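Here the structure comes first, spelled out in structure tokens, and everything after it is commentary.
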Amino acid sequence: MSGKPATDILNRRRFLGAAGLAGTGAALGVASAFAGAGGKPDPLITEVQDWNRYLGDGVQSRPYGTPSKFEKDVVRRDVPWLTASPESSVNFTPLHRLDGIITPSGLCFERHHGGIAEIDPADHRLMINGLVDKPLVFTMEDIRRMPRVNKVYFLECAANSGMEWRGAQLNGCQFTHGMIHNVMYTGVPLKVLLDEAGLKPNAKWLMLEGADAAGMNRSLPIEKALNDVLIAFAMNGEALRPEQGYPLRAVIPGWEGNLWVKWLRRIEAGDQPWQTREETSKYTDLLADGRSRKHTFVMDAKSVVTNPSPQAPLKYKGRNVLTGVAWSGRGTVKRVDVTLDGGRNWQSARIDGPVLDKSLVRFYVDLDWNGQEMMIQSRAMDSTGYVQPTKEELRKVRGVNSIYHNNGIQTWLVRADGETENVEIG
Amino acid sequence: MSRLAKLLFAVVLGGSLATTLLLEASAQQVAARSSGKLGLGRPALPEEIKAWDTDVRPDGKGLPVGKGTAKEGDVLFQERCASCHGEFGQGVGRYPAIAGGIGTLKADRPDKTVGSFWPDASTVFDYIKRSMPFGNAQSLTDDEAYSLTAYILNMNDVIKDENFELNEKNFASVKMPNAAAFYGDDRETAEKHFWKKDPCMKDCRTAPKVIGRAVSVDVTPDSKAGPKVD
């Protein structure tokens with residue numbers, strides 16, 4: 001900052017301030033530049049800026065690169081009152097600040113039941129026992145010598161949108177839909193490991209168990225295990241993050257996040273499910289008649305508009321980009337429709353970027369907005385012909401107490417001033 | 001096909017189908033190719049399996065030899081569990097209630113506990129042995145786990161006699177009140193109508209009205225009240 005004229009600093013502050021004002025009800029802009037628009041030259045252009053004159057940090061000043069300091073509000077956030085303790089809790093991916101289909105590793109939402117286990121990979125062991133010919137123990141070094149594959153998959157917590165069953169509750173897509181992330185995993189097909197141990201013919205279920213302080217355990221049907229399940233040690237090209245199960249986690253494509261056991265230390269083969277706490281007390285769907293569905297593993301097709309949304313209101317009339325994400329645990333997303341008038345009329349959105357099996361897809365509607373009130377919704381359709389239902393349609397079948405698997409259509413109300421809020425429409 | 005046509009064809013398939021097929025093949029192929037033995041890993045020793053394989057199933061498989069009564073469990077529970085779960089399992093603050101709630105599953109606000117909801121008694125043993133007390137997991141002896149399970153079941157009227165000795169032989173005969181209320185995933189039939197050929201695109205409904213607003217509920221971070229996530 002040394003040697004800078006005061007007007008410059010003022011101008012810059014005004015610029016940053018205005019940019020940071022995002023939807024505090026300030027007057028809507030039409031044009032996109034703040035200065036320069038009124039015929040006065042923009043000092044950001046006419047005056048030499050610090051970063052244009054003085055040398056920046058050299059290489060190795062940031063040995064592990066982190067986002068720009070101007071992005072420091074792009075973080076996971078939690079809702080403290082949701083849970084009894086932060087060690088058994090959840091935080092949420094800031095979907096409204098992301099684009100494309102890959103979630104940066106440090107922004108992937110977290111859900112732990114006994115805190116983050118910190119395990120030196122040299123101390124980690126994976127055991128396979130139960131109905132196998134030869135119970136085995138693997139080290140991480142063993143696993144890294146096995147044939148591996150790379151796959152992009154979404155992971156959605158079954159409780160994503162779980163607070164919204166009774167109506168609009170949380171004002172932000174980070175909170176209503178942020179228990180999802182989508183990364184590229186590198187790992188070994190589980191079948192490779194099971195073949196090493198040799199499954200006995202009566203092995204019908206597996207139990208996956210974590211090495212954390214919750215000793216997380218879940219039962220997994222053998223057909224799924226042999227089909228596409230991976231034992232992953234890397235995400236987005238580098239080692240798993242500790243909060244995502246470092247050094248080893250299960251990847252169960254398209255199925256609810258709780259099954260993706262982190263800090264995976266043991267796989268037991270058996271002839272029936274274990275009925276663990278996480279598949280009975282939790283992750284079962286209580287319906288209106290008092291009965292409950294269990295083993296509801298697959299995540300149905302779902303989508304959400306991430307921009308605009310309550311944390312990302314519209315700032316300008318005229319040109320805008322409406323965008324969002326869609327996914328299905330049953331296959332690929334075939335189409336995403338968007339409505340601006342609360343479901344009276346729909347148009348198909350433009351899907352851009354890779355369309356992969358059981359992965360997020362990114363969609364856009366390039367929008368001219370004249371300041372009219374909008375009720376924005378999106379609806380996903382998948383390769384099996386499943387169409388994302390309205391919340392009302394879901395409630396008709398399931399009531400309001402099932403907590404899990406709420407894939408109903410989300411409504412954002414955009415007001416004339418661009419402010420956007422989570423509403424329920426009827 | 002001309003080169004151009006081939007190119008166009010590839011573009012049409014582009015990114016989606018073509019890549020998907022390519023990627024799809026890989027996990028299966030890799031598994032198939034390695035289905036001989038890799039010679040990696042070493043045999044798990046009986047002591048190692050015994051140390052980790054503590055899981056218990058509804059049919060009693062996995063139960064260790066041991067015993068305990070609700071009366072003994074009461075003492076342990078007050079010492080090691082009640083600070084979070086309450087003297088009678090009613091739950092303290094946001095810590096879960098583990099007793100009560102019988103008959104509330106159809107109510108507006110169901111109270112799901114071990115007694116009102118859980119289908120299997122074995123889950124109590126398996127879960128507390130692996131993860132309770134919270135913050136000092138895997139510290140319970142087998143007899144302590146039997147006693148505490150008996151006490152939790154006693155608080156829930158599943159085991160009526162506080163002197164009843166729960167052990168590995170009689171455990172599987174304990175039946176839970178809500179066991180019959182669980183059934184497998186039937187979404188593909190019960191929700192068949194969510195598979196639709198041509199969802200409506202034009203004039204699909206009457207003018208919508210706002211009937212609920214998140215800002216009126218006012219539970220977005222920093223507020224104290226609100227729903228619970230399990």
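Things worth noting here:
- Members of the stretch B:178-198 that are in a strand (DSSP E or B) and among the small types (Gly, Ala, Ser): B:GLY184
Matching residues to (1) facing chain B (nearest Cβ under 10 Å); (2) of a type in the set (Asp, Glu); (3) within 28 Å of A:ALA416 (Cβ to Cβ):
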residue: A:SER348; (1), (2), (3): yes, no, yes
residue: A:GLY353; (1), (2), (3): yes, no, no
residue: A:ALA380; (1), (2), (3): no, no, no
residue: A:LEU394; (1), (2), (3): yes, no, no
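- Of everything in the stretch A:184-198 that is touching a residue at least 12 places away in the same chain (Cβ under 8 Å) and over 30 Å from the mean Cα position of the chain (by Cα), the residue that is nearest to the other protein chains (Cβ to nearest Cβ) is A:GLU196.
- Those strands (runs of 3 or more DSSP E) of the stretch A:54-143 in which 3 or more residues are touching a residue at least 12 places away in the same chain (Cβ under 8 Å) and touching a Phe, Trp or Tyr at 6+ places or on another chain (Cβ under 9 Å) occupy A:89-92, A:125-130.
- Tally, over the stretch A:287-299, of residues that are within 7 Å of another protein chain (Cβ to nearest Cβ) and surrounded by 23 or more Cβ atoms within 10 Å (Cβ to Cβ): 0
- Number of positions in the stretch A:83-104 that are more than 25 Å from A:PRO313 (Cβ to Cβ) and surrounded by fewer than 18 Cβ atoms within 10 Å (Cβ to Cβ): 4
- Those residues of the stretch B:109-133 which are within 21 Å of B:TRP52 (Cα to Cα), at the interface with another protein chain (Cβ under 7 Å from one of its Cβ atoms) and either assigned to a loop (DSSP other than H, G, I, E, B) or β-branched (Val, Ile, Thr) (or both), in sequence order: B:THR123
- Among (1) under 30 Å from A:ARG97 (Cβ atoms); (2) within 7 Å of chain B (Cβ to nearest Cβ); (3) in a loop (DSSP other than H, G, I, E, B), the one test that A:MET146 misses: (1)
- Between B:SER116, B:SER83, the distinction of being in the same structural domain as B:ASP53 (by TED's automatic domain parsing) and touching a residue at least 60 places away in the same chain (Cβ under 8 Å) belongs to B:SER116 only.
- Criterion (in contact with a helix residue (DSSP H, G or I) (Cβ under 9 Å, 6 or more places away or on another chain) and of a type in the set (Lys, Arg)) met by exactly one of B:LYS192, B:LYS160, B:LYS202, B:LYS169: B:LYS160
- Number of residues in the stretch B:47-102 that are farther than 23 Å from A:THR83 by Cα, in contact with a Phe, Trp or Tyr (Cβ under 7 Å, 6 or more places away or on another chain) and buried (at least 19 other Cβ atoms within 10 Å of the Cβ): the value is 9.
- The stretch A:150-174 - residue that is small (Gly, Ala, Ser) and touching a strand residue (DSSP E or B) at 6+ places or on another chain (Cβ under 9 Å) and, of those, nearest to A:VAL229 (Cα to Cα): A:ALA158
- In summary, B:ILE152 fulfils each of the numbered conditions (1) in a loop (DSSP other than H, G, I, E, B); (2) within 14 Å of chain A (Cβ to nearest Cβ); (3) closer than 23 Å to B:PRO96 by Cα with the single exception of condition (1).
- Selected residue (only one of A:GLY56, A:GLY29, A:GLY36 is modelled with pLDDT of 50 or more, outside the structural domain of A:PRO313 (by TED's automatic domain parsing) and in contact with a strand residue (DSSP E or B) (Cβ under 6 Å, 6 or more places away or on another chain)): A:GLY29
- Within the stretch B:165-200, the residues that satisfy the criterion of being within 12 Å of chain A (Cβ to nearest Cβ) and among the acidic types (Asp, Glu) are B:ASP185, B:ASP186, B:GLU188, B:GLU191, B:ASP198.
- The stretch A:121-130 - residue that is surrounded by fewer than 20 Cβ atoms within 10 Å (Cβ to Cβ) and more than 27 Å from the chain's Cα centre (by Cα) and, of those, nearest to A:ILE222 (Cα to Cα): A:ARG125
- B:MET201 being surrounded by 16 or more Cβ atoms within 10 Å (Cβ to Cβ) and either assigned to a loop (DSSP other than H, G, I, E, B) or more than 21 Å from the chain's Cα centre (by Cα) (or both): no
The values are calculated or read from the model by the stated rules, or taken from the named source; none is laboratory data. Everything numeric in this text was worked out from a predicted model, so none of it was measured. Cβ atoms come from the backbone with ideal geometry, glycine included; neighbour counts cover every protein chain shown.
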